[in-house]
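A short write-up of the structure that comes next.
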Amino acid sequence: MEKTDHHLLVGHGATRFARLMGHPDHDPRTPERVTVWNQLKQELRCGKTGPDFRFWKRISKWQKAYGLFDTVGACAIDSRGRFAVATSTGGIWMKLPGRVGDSPIPGAGTCANRYGAISMTGHGEGVMRLCLGRHAVDLMKRLPCQAALDATAKYALKHGVECGIIGVDAKGRLGGAHSAKWMQLGMAAGR
Ligand code: ASP
């Protein structure tokens with residue numbers, strides 16, 4: 001966003017651009033990830049599971065067993081009332097090459113407007129379908145942050161979407177809510 005006019009680059013073009021900007025190549029595979037990946041492939045072969053919503057639910061058990069939680073989101077407001085938000089994720093397991101989830105999509109997993117800022121984790125296809133990020137920050141126009149996030153998590157649950165969401169509103173009130181079983185969050189205030 002600083003070096004080009006674009007907001008989003010993916011795939012081959014993104015890799016080329018990253019190299020051009022001087023980022024070194026990096027192989028993100030770890031032995032733990034490869035172990036789970038092989039187990040999941042085995043399940044897929046046996047027809048025990050498939051790359052769909054139910055599959056997303058099944059993998060939670062692997063994530064729990066191996067402590068593999070990858071999404072990190074952050075929202076902040078400064079003393080001048082300016083918002084910043086960022087979401088980093090490895091995506092979901094067994095996704096097709098080229099799949100883009102909700103995390104980098106403004107209005108889905110990452111969103112800020114004049115009322116607030118949010119970052120989300122969860123089943124990206126569901127989050128995008130419901131535009132949950134936009135939904136949450138729009139609610140902050142009339143609700144405090146926590147109430148807006150609770151309402152968003154409830155709305156997600158009603159539509160069967162597992163997610164977790166953190167946020168901050170224009171008054172600097174922080175919040176977190178989830179329709180998934182649990183989510184870790186931290187809050188901090190500075191001067
Ligand atoms: N939301 C991410 C995705 O669907 C996954 C995650 O948050 O863990 O790609």
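The values are calculated or read from the model by the stated rules, or taken from the named source; none is laboratory data. These figures come from a predicted structure and were not determined experimentally. Cβ placement follows ideal geometry from the backbone for every residue including glycine, while neighbour counts extend to all protein chains displayed.
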* Which members of segment 109-122 meet the condition of being more than 6 Å from the ligand (Cβ to nearest atom) and part of a loop (DSSP other than H, G, I, E, B)? -> N113, R114, Y115
* Given (1) surrounded by 15 or more Cβ atoms within 10 Å (Cβ to Cβ); (2) in contact with a strand residue (DSSP E or B) (Cβ under 9 Å, 6 or more places away or on another chain), index of the condition Q184 fails -> (1)
* Tally, over segment 116-137, of residues that are farther than 15 Å from Y155 by Cα and among the basic types (K, R) -> 0
* To do: Report, ordered by the first and then the second residue, all pairs with beta carbons closer than 7 Å, sequence separation of six or more or different chains, a first member in segment 11-22 that is closer than 16 Å to M1 by Cα, and a second member that is loosely packed, with under 11 Cβ neighbours inside 10 Å.
  => M21/K3
* Of everything in segment 80-104 that's touching a residue at least 40 places away in the same chain (Cβ under 8 Å) and at negative phi, which residue is farthest from the ligand (Cβ to nearest atom)? -> F83
* Taking the residues in segment 1-34 that are of a type in the set (K, R) and at pLDDT 85 or above as candidates, determine which candidate is nearest to the chain's Cα centre (by Cα). => R29
* To do: Taking only segment 142-191 into account, find how many residues are farther than 16 Å from H123 by Cα and acidic (D, E).
  => 2
* To do: All but one of (1) outside any loop (DSSP other than H, G, I, E, B); (2) modelled with pLDDT of 95 or more; (3) under 27 Å from L8 (Cβ atoms); (4) not hydroxyl-bearing (S, T, Y) hold for G164, so report the exception by its number.
  => (2)
* Scan of segment 123-172 for residues that are within 14 Å of the ligand (Cβ to nearest atom) and β-branched (V, I, T), ordered by number -> V127, V161, I165, I166
* Evaluate segment 35-50: report whether one residue or more is surrounded by 13 or more Cβ atoms within 10 Å (Cβ to Cβ), among the aromatic types (F, W, Y) and modelled with pLDDT of 85 or more. => no
